[in-house]
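S.K.: Quick one: structure below, then a few questions.
The values are calculated or read from the model by the stated rules, or taken from the named source; none is laboratory data. Remember, predicted model here, so these are calculated numbers, not experimental data. Here Cβ is always computed from backbone atoms with ideal geometry, including for glycine, and neighbour counts include all displayed protein chains. With ligands, DNA and RNA removed, areas are computed over all heavy atoms of the protein, side chains included. Shrake-Rupley method; radii C 1.70, N 1.55, O 1.52, S 1.80 Å.
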Amino acid sequence: MSFGKGHHLHLIDGSAFIFRAYHALPPLTRKTDGLPVGAVAGFCNMLWKYIEDSRGNDAPTHAAVVFDHSAKTFRNDLYADYKANRPDPPDDLRPQFPLTRDATRAFNVACLEIKDFEADDIIGALACRAREAGGKVTIISSDKDLMQLVGDGVEMLDPIKNKRIGRDEVFEKFGVYPEKVTDVQALAGDSVDNVPGAPGIGIKTAAQLINEFGDLESLLARADEIKQPKRRQTLIDHADNIRVSKQLVTLDCESAPDLTLESLEVAEPDHKQLLDFLSEMQFRTLANRVAERFRLGPPAIIDAPAAPPAAAEAAPPPVLPPIDPASYVTITDLDALAPWLAAIGQEGAVALDLQLDRLDELQAGLTGVAISPGVGLGAYIPTGHLGGGDGLFADRAADQLSPEAALDALRPMLEDPAIVKIGHDIKRDAKYLARHGIALAPVADVMLMSYAMSAGAQGHGLDELSEGNLGHRRAPLKEVLGSGRNALTFARLAPDVATRPAAEEAEMIWRLWQNFRPRLPAAGVTAVYETLERPLIPVLAAMEREGVSIDPARLNRMSGDFAQKLAGIEDDVFRLAGQRFNIGSPKQLGEILFSQMGMTGGRKSGKTGALSTGADVLEDLAGEGHELPQRVLDWRLISKLKATYTDALQTYVNPDSGRVHTSYQIAGATTGRLASTEPNLQNIPIRTEEGRRIREAFVAPPGKRLISLDYSQIELRLLAHVADIPALKQAFREGIDIHTMTASQMFGVPIDKMDRETRNRAKAINFGVIYGISGFGLARNLKIPRAEAQAFIDTYFERFPEIRAYMDNTVAEAKRNGYVSTMFGRRIHTPGIALNGPAQAGARRQAINAPIQGAAADIIRRAMIRMPDALEGLQARMLLQVHDELVFEAPEAEVDELIARARKVMEGAAEPVVRLSVPLVVEGGAGGSWAEAH
DNA sequence: CAGCTCACG
DNA sequence: GACGTACGTGAGCTGG
């Protein structure tokens, strides 16, 4: 996430934490080996309390704990005795220093220290950079040496007194405001740090002098004007020391080497990593508290002599043995399963891959379960393989557990909160298991980890991930199953033959997880994965299982009506064309219109160079008075509705539930949007009157209502915020119609005299901007000459110059990084930006659009993730998402309450990570059908 | 299986 | 001056 406006950086003075912890706690030692750990324990408690306290409003988006690296710094070159009278740290504290760094990393907080620099310098440099970037900074420390940084978005927080330190508090302490603090310190000196200053002058006198003379240099220059003789002489005698003191106390924003704010993004702690560390330290109380917070069982802490402490240097990634499918085990009875379950419990994690006998998890049977709890480990539990016999009469293969027996044995592990279940697209597995009453949790998903790291750069299929990250290419399943009409299904394989490919998948997943885990924080997308991807899995699984009720009789009736209409249109078309042909064939239609009937205006389309018969072409022809193209348009409209909707939708009704269950792809669209498949319920018609009627077939069951809530103009609002366009922001705040406002600004028409046509033009331009506008595109959309469209765009940029700046900056960011980011940190890669010509132009438009479309997607994801808790106690259920709309089903009596609660969640979904400068507005409605609710 | 067309935000 | 273009999707149909 690039750091900027709306972000909030917390900088924690780690050294202060350590010393305070050391002195506050008795000298604790680790039971097993006597390692002193009192300061580490206190440090961990403080860090945990800090993390807990900083949740909620105004939470940091970025954070780091900053440490002093070594005793000697560049200040010793300025003044040899700097901090010379500071005693060495106690012997039992020194070995704890590296452990506090380990602790910081275990909490998944960035840990900073730089050779030759004091923590204060690093904090100063980062605070300056964050301030320049337009963000907020909170320094968690009470060190007076940091007070010079306060102001202009930077404040301090005294962690002991839990008191904010702003400009006024600094004035209280020093008698001057922050910008003069170093002047006062230079005069007063500091006995603790051995800063000389001027003898006999303390803070009070120094402040008085500075306030009188304005600043230090003026004071030294005009020292002879001081009335008190002794004081005058002191200043004159010690001028050099005073100047050196000023250098010593001044934090230099520029001096610290390259530090990026981006990498300091806040992330949830990795539960296992943190609990492992706390267990290793044997901090039982805190470990239990942490486990409770994460709703995990109490961690096992072994007090017996433990493994030697980890080496200080990070080990290079281990060279893994190649994947060896020959080593996998087939499990056919519960006794054989037991040691695997024990190993999984020990490991706290397992890669899991269910083999299902069809794509639809809600109707599939279980062919087998593959598990891998580590490198080189893989087992397959066949449960649904077929033996002799054919087709419907196939027998179950002998020597395998029943699905029920296998799942009963696995259930405690699958639901164990201390065991992470890792999958590739694990929503599928979760959906299947939910049918058996198994609540799979907690889960991890390598597909989503890849999506968080590299959306837009590559696909996230298991084979692609394995080849790219593990260098492992598995044998194509076709080699085992065959292909074509005689291909076997997986269930047709003999169980022991199935073990290899099934367990291999599980081990690939395991290895990918190991591979990706450290890379998420390195890429700065841990927060994206942890807050926008992973928590969405159970939410979507529940929505998909819920399904939506449709009225098949109504669809069937509509299909009949459409068939009649189509027959009538076909007669007209054939009469007008003078022959029968396939109206659905663009090729035949083009031939008839342009070659046989001699109409002009045909365009070559796409790669094939075929004559285009798209709707825009046919509309043009119809406008010229040709009857045939209009009838073809009529035919296409009805034909589309019948084939894609009224006919097809009926086939998706699940026989068990009587409802339609779509599947959402979390990693489908590069921008963060969801995609809906089988069936796609995100493109149900609404724009035409006839299409709209299809929504009448999406109904609420008796006694219930469908409720639709949608964000109004969310993308334009986000554009106004992210591009910082005052005119747009103001219009949104005042609730003015945004297209009317734009039209008024552009064309000089007063708002109350606005006509449809002018407003529509402005509307097209507003949308065009979101898409990375071009004169050509706007001209085509508005059917106006290109020059005129370009003139509109020029006027737009003149009226709203911030848009141009946003576009330029975003494209520059894409060129620099190869990706752009949403305000929530989602990254969308735009590799085409490195190309030339049209391909680059395309990538530029993509780069301009992605942060806006992506932010809207992030916001509705956040709303969806919060929705289950918000609807607690209601029978209302969330059923569908259509990019900026959520559809619910609720008992009639709950409708008002549901709308109130869901609207609140949706309108506040950006908070607290992003405080938008425009309001989000959600509109809602309810009815017996989706058509009525909308 | 690619290309065209068209449904949605 | 010519490229070729609005951003993001999924599905049904044709025809090689």
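S.K.: Counting only residues that are in a helix (DSSP H, G or I), farther than 24 Å from A:Leu566 by Cβ and within 12 Å of DNA strand B (Cβ to nearest atom), how many does the stretch A:595-619 have?
M.R.: Matching residues across the stretch A:595-619 total 0.
S.K.: Something else now. Taking the condition of being closer than 25 Å to A:Val811 by Cα and either in contact (Cβ under 8 Å) with a residue 24 or more places away in the chain or open to solvent by 20 Å² or more (accessible area, probe 1.4 Å) (or both), how many residues in the stretch A:765-788 meet it?
M.R.: 16
S.K.: Follow-up question, since we're still on this one. Could you list, in sequence order, all residues of the stretch A:647-706 that are within 24 Å of the chain's Cα centre (by Cα), touching a residue at least 40 places away in the same chain (Cβ under 8 Å) and more than 16 Å from A:Leu359 (Cα to Cα)?
M.R.: Answer for the stretch A:647-706, where residues must be within 24 Å of the chain's Cα centre (by Cα), touching a residue at least 40 places away in the same chain (Cβ under 8 Å) and more than 16 Å from A:Leu359 (Cα to Cα): A:Ile666, A:Ala667, A:Ala669, A:Thr670, A:Thr671, A:Gly672, A:Arg673, A:Leu674, A:Leu681, A:Gln682.
S.K.: Which residue is nearest to the chain's Cα centre (by Cα), if the candidates are limited to the stretch A:863-897 and must be touching a residue at least 60 places away in the same chain (Cβ under 8 Å) and open to solvent by 30 Å² or more (accessible area, probe 1.4 Å)?
M.R.: So, considering only residues that are touching a residue at least 60 places away in the same chain (Cβ under 8 Å) and open to solvent by 30 Å² or more (accessible area, probe 1.4 Å), the one nearest to the chain's Cα centre (by Cα) is A:Ile865.
S.K.: Let me ask something else. Would you be able to tell me the number of residues in the stretch A:654-699 that are in contact with a Gly (Cβ under 9 Å, 6 or more places away or on another chain), of a type in the set (A, V, I, L, M) and not in a loop (DSSP other than H, G, I, E, B)?
M.R.: Of the residues in the stretch A:654-699, 3 are in contact with a Gly (Cβ under 9 Å, 6 or more places away or on another chain), of a type in the set (A, V, I, L, M) and not in a loop (DSSP other than H, G, I, E, B).
S.K.: Does the stretch A:226-253 hold any residues that are without any contact (Cβ under 8 Å) to a residue 40 or more places away in the chain, surrounded by fewer than 17 Cβ atoms within 10 Å (Cβ to Cβ) and of a type in the set (A, V, I, L, M, F, W, C), and which are they?
M.R.: Result: A:Ile236, A:Ala239.
S.K.: Those residues that are more than 16 Å from DNA strand C (Cβ to nearest atom) and either of a type in the set (A, V, I, L, M, F, W, C) or out of contact with any strand residue (DSSP E or B) (no Cβ under 9 Å at 6 or more places or on another chain) (or both), I need them from the stretch A:869-885; list them, please. Steps first, please.
M.R.: First, pick out the residues of the stretch A:869-885 that are more than 16 Å from DNA strand C (Cβ to nearest atom): A:869-879.
Listed by number, the residues that qualify are A:Asp869, A:Ala870, A:Leu871, A:Glu872, A:Gly873, A:Leu874, A:Ala876, A:Met878, A:Leu879.
S.K.: Here is a further query. Quick one: A:Glu544 ticks every box in (1) in contact with an Asp or Glu (Cβ under 9 Å, 6 or more places away or on another chain); (2) more than 30 Å from A:Leu879 (Cα to Cα) except a single one, so which number is it?
M.R.: (2)
S.K.: Is it the case, given these coordinates, that A:Glu505 is part of a helix (DSSP H, G or I), open to solvent by 10 Å² or more (accessible area, probe 1.4 Å) and either under 18 Å from A:Gly825 (Cα atoms) or aromatic (Phe, Trp, Tyr) (or both)?
M.R.: Values: part of a helix (DSSP H, G or I): yes; open to solvent by 10 Å² or more (accessible area, probe 1.4 Å): yes; either under 18 Å from A:Gly825 (Cα atoms) or aromatic (Phe, Trp, Tyr) (or both): no.
When the stated conditions are applied, A:Glu505 does not pass them.
S.K.: Also, I was wondering about something else. Could you grab me the full set of residues in the stretch A:676-688 that are open to solvent by 30 Å² or more (accessible area, probe 1.4 Å) and either hydroxyl-bearing (Ser, Thr, Tyr) or more than 10 Å from DNA strand B (Cβ to nearest atom) (or both)?
M.R.: A:Thr677, A:Glu678, A:Thr688 - these are the residues of the stretch A:676-688 that are open to solvent by 30 Å² or more (accessible area, probe 1.4 Å) and either hydroxyl-bearing (Ser, Thr, Tyr) or more than 10 Å from DNA strand B (Cβ to nearest atom) (or both).
S.K.: Which one of the conditions (1) under 23 Å from A:Arg86 (Cβ atoms); (2) open to solvent by less than 40 Å² (accessible area, probe 1.4 Å) does A:Gly166 fail to meet, given that it meets all the rest?
M.R.: Looking at each condition in turn, A:Gly166 falls short on (1).
S.K.: Please indicate, with yes or no, whether at least one residue in the stretch A:278-295 is modelled with pLDDT of 85 or more, β-branched (Val, Ile, Thr) and open to solvent by less than 50 Å² (accessible area, probe 1.4 Å).
M.R.: yes
S.K.: A further question on this structure: Of all residues in the stretch A:76-105, which are farther than 29 Å from A:Pro178 by Cα, of a type in the set (A, V, I, L, M) and assigned to a helix (DSSP H, G or I)?
M.R.: Listed by number, the residues that qualify are A:Leu99, A:Ala103.
S.K.: In addition: When A:Ala723 is evaluated against the numbered criteria (1) over 27 Å from the mean Cα position of the chain (by Cα); (2) closer than 23 Å to A:Gln853 by Cα; (3) aliphatic (A, V, I, L, M), which criterion, by number, is the only one it fails?
M.R.: Every listed condition holds for A:Ala723 apart from (1).
S.K.: Only residues in the stretch A:575-591 that are in the same structural domain as A:Leu611 (by TED's automatic domain parsing) and on the phi < 0 side of the Ramachandran plot count as the first member; pair them with residues that are open to solvent by 50 Å² or more (accessible area, probe 1.4 Å) and more than 14 Å from DNA strand C (Cβ to nearest atom), Cβ under 7 angstrom, at least 6 apart or cross-chain, and list the lot.
M.R.: What qualifies is A:Leu576/A:Glu627; A:Leu576/A:Arg631.
S.K.: Picking from A:Ala133, A:Ala198, which residue would you name as being out of contact with any Pro (no Cβ under 8 Å at 6 or more places or on another chain), aliphatic (A, V, I, L, M) and over 30 Å from A:Ala223 (Cα atoms)?
M.R.: Just a single option satisfies the conditions, and that option is A:Ala133.
S.K.: Right, something else. List, please: which pairs have Cβ atoms under 9 Å, are six or more places apart or on different chains, and start with a residue in the stretch A:562-573 that is more than 9 Å from A:Ile638 (Cα to Cα) and end with one that is aromatic (Phe, Trp, Tyr)?
M.R.: A:Ile569/A:Trp635; A:Glu570/A:Trp635; A:Asp572/A:Trp635; A:Val573/A:Phe581; A:Val573/A:Trp635
S.K.: Given the condition over 23 Å from A:Pro269 (Cβ atoms), assigned to a helix (DSSP H, G or I) and either in the same structural domain as A:Leu465 (by TED's automatic domain parsing) or not basic (Lys, Arg) (or both), answer yes or no: does some residue in the stretch A:518-534 qualify?
M.R.: So far as the stretch A:518-534 goes, no, none of its residues is over 23 Å from A:Pro269 (Cβ atoms), assigned to a helix (DSSP H, G or I) and either in the same structural domain as A:Leu465 (by TED's automatic domain parsing) or not basic (Lys, Arg) (or both).
S.K.: Could you pull out the residue among A:Asn57, A:Asn108 that is open to solvent by 20 Å² or more (accessible area, probe 1.4 Å), at pLDDT below 80 and either assigned to a helix (DSSP H, G or I) or not aromatic (Phe, Trp, Tyr) (or both)?
M.R.: Details: A:Asn108 fails: at pLDDT below 80.
Exactly one residue qualifies, and that residue is A:Asn57.
S.K.: Just checking, which of A:Arg705, A:Arg673, A:Arg687 is charged (D, E, K, R), within 15 Å of DNA strand C (Cβ to nearest atom) and at pLDDT 95 or above?
M.R.: Numbers: A:Arg705 fails: within 15 Å of DNA strand C (Cβ to nearest atom); A:Arg687 fails: at pLDDT 95 or above.
Unique residue meeting the criteria: A:Arg673.
S.K.: What number of residues within the stretch A:177-212 satisfy the criterion of being over 23 Å from A:Leu78 (Cβ atoms) and at pLDDT 90 or above?
M.R.: 1
S.K.: Yes or no: A:Ser639 closer than 30 Å to A:Ala700 by Cβ and either part of a loop (DSSP other than H, G, I, E, B) or within 16 Å of DNA strand C (Cβ to nearest atom) (or both)?
M.R.: When the stated conditions are applied, A:Ser639 passes them.
S.K.: A further question follows. Only one of these is within 15 Å of DNA strand C (Cβ to nearest atom), aliphatic (A, V, I, L, M) and not in a helix (DSSP H, G or I): A:Ile803, A:Ile848, A:Ile784. Name it.
M.R.: Unique residue meeting the criteria: A:Ile784.
S.K.: A further question follows. Take the residues in the stretch A:636-652 that are more than 8 Å from DNA strand B (Cβ to nearest atom) and over 15 Å from A:Gly560 (Cα atoms), then tell me which one is most open to solvent (accessible area, probe 1.4 Å).
M.R.: Restricting to residues being more than 8 Å from DNA strand B (Cβ to nearest atom) and over 15 Å from A:Gly560 (Cα atoms), the top hit is A:Thr651.
S.K.: Out of (1) open to solvent by less than 30 Å² (accessible area, probe 1.4 Å); (2) modelled with pLDDT under 95; (3) of a type outside the set (Asp, Glu), what's the single condition that is false for A:His385?
M.R.: For A:His385, the failing item is (2).
S.K.: From the list A:Ala198, A:Ala186, A:Ala223, A:Ala207, which one is farther than 30 Å from A:Leu47 by Cα, crowded, with 18+ Cβ neighbours inside 10 Å and without any contact (Cβ under 8 Å) to a residue 24 or more places away in the chain?
M.R.: Only one candidate qualifies: A:Ala223.
S.K.: Being assigned to a helix (DSSP H, G or I) and basic (Lys, Arg) is the filter; apply it to the stretch A:851-896 and report the residue that is nearest to A:Ile550 (Cα to Cα).
M.R.: So, considering only residues that are assigned to a helix (DSSP H, G or I) and basic (Lys, Arg), the one nearest to A:Ile550 (Cα to Cα) is A:Arg861.
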